[in-house]
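Colleague: Provided herewith is a single structure, encoded as structure tokens, for subsequent inquiry.
Laboratory data are not the source of any read-out in this text; all were calculated from the coordinates shown. What you are looking at is a predicted structure, and each value in this text was computed from that prediction instead of being measured. So basically every Cβ, Gly included, is an ideal-geometry build from the backbone, and we count neighbours across all protein chains shown.
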Amino acid sequence: MREIIFDTETTGLDPLHPERPDRLVEAGFVELMGLERTGRELHLYFNPERDVPEEVVRVHGLRREFLEKHPRFAEQVEQILDFIGDAPLVAHNAAFDQGFVNAELARAGRPALAGARFVDTLPIARKRFPGASCSLDALAKRFQLDRYGFDLASRKGPGGHGALVDSRILAEVYLQLRGGREQRLSFEAVVETVSTATEAPVQFTPRPPRPVALPARLTPEEAAAHEAFIAKLGDGALWKKTGS
């Protein structure tokens, strides 16, 4: 099954503000097939045509001077729509990203993406870990994603968040929330078993008994100790009934 993990960075929190709506400044998309990253990614910056507040810059590190050098969202919308196709769209706190993407699509004269296409990993995580922090950083730490090469420590500093790296992290978190690598290995083993079920049964040829029994390897001391142990078991001992 093809799915698209995605994340966005913005100028703020309100894409529908009547006077100064917040805008997208970055988007990262990661393609999954069967919960596994395929290597296909799309990473774009957007000129928001407005200022970027300093408190937001401290989160993603993207200033207006840098973003003004990039095309507007409307100029890159075809590239985005071609990449995502009709695949489900997976995001953490998906309503936030959905609201911004649909607001930008409306400005570009394009129809909104249907809500049914979005998969939100936040309620999935909250159901699995009730009462615990379920931020993306907390989940990355819980699943020890530093084992897979993610630099989790750098995300705590200024500008530590980015749409593409967050999408890559979420791809691994999503895999873990769906059962982890162990589930996929188990599924693959089942598939292999089913695929070989119709093959011819294995024939086992009985091995003839040895003409001469192998000599015992017990020392006289070990044999005496064994006999003493059996004597303590009593007449009803199973060992004596077998004649061994």
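Colleague: Sort through Ala91, Ala125, Ala108, Ala114 and tell me the only one that's out of contact with any helix residue (DSSP H, G or I) (no Cβ under 9 Å at 6 or more places or on another chain) and of a type in the set (Gly, Ala, Ser).
Modeller: Among Ala91, Ala125, Ala108, Ala114, only Ala114 is out of contact with any helix residue (DSSP H, G or I) (no Cβ under 9 Å at 6 or more places or on another chain) and of a type in the set (Gly, Ala, Ser).
Colleague: Which of the residues spanning segment 54-72 are under 32 Å from the mean Cα position of the chain (by Cα) and part of a loop (DSSP other than H, G, I, E, B)?
Modeller: The answer is Gly61, Leu62, Arg63, His70, Pro71, Arg72.
Colleague: Sticking with this structure for a sec: How many residues does segment 47-56 hold that are touching a helix residue (DSSP H, G or I) at 6+ places or on another chain (Cβ under 8 Å) and surrounded by 16 or more Cβ atoms within 10 Å (Cβ to Cβ)?
Modeller: Qualifying residue count, segment 47-56: 3.
Colleague: Quick one: Arg58 ticks every box in (1) within 29 Å of Leu175 (Cα to Cα); (2) among the charged types (D, E, K, R); (3) in contact (Cβ under 8 Å) with a residue 60 or more places away in the chain bar one, so which box is it?
Modeller: In the conditions (1) within 29 Å of Leu175 (Cα to Cα); (2) among the charged types (D, E, K, R); (3) in contact (Cβ under 8 Å) with a residue 60 or more places away in the chain, Arg58 misses (1) alone.
Conditions (1) of a type in the set (Ser, Thr, Tyr); (2) exposed (fewer than 13 other Cβ atoms within 10 Å of the Cβ); (3) within 29 Å of the chain's Cα centre (by Cα), marked per residue:
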| site | (1), (2), (3) |
| --- | --- |
| Ile4 | no, no, yes |
| Thr8 | yes, no, yes |
| Gly12 | no, no, yes |
| Pro18 | no, yes, no |
| Pro21 | no, no, no |
| Leu24 | no, no, yes |
| Leu35 | no, no, yes |
| Gly39 | no, yes, yes |
| Tyr45 | yes, no, yes |
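Colleague: Further question: Looking at (1) within 25 Å of His17 (Cα to Cα); (2) surrounded by fewer than 17 Cβ atoms within 10 Å (Cβ to Cβ), which is the one condition that is false for Phe129?
Modeller: Answer for Phe129: the failing condition is (1).
Colleague: While we're looking at this one, here's another question. Could you list, in sequence order, the residues of segment 103-138 that are more than 23 Å from the chain's Cα centre (by Cα) and in contact (Cβ under 8 Å) with a residue 60 or more places away in the chain?
Modeller: Our first condition is that a residue be more than 23 Å from the chain's Cα centre (by Cα); within segment 103-138, this holds for 103-114.
Passing the criteria: Ala103, Glu104.
Colleague: Moving on to the next point. Looking at (1) surrounded by 16 or more Cβ atoms within 10 Å (Cβ to Cβ); (2) of a type in the set (S, T, N, Q); (3) farther than 28 Å from Ser154 by Cα, which is the one condition that is false for Gln98?
Modeller: Failed condition: (3).
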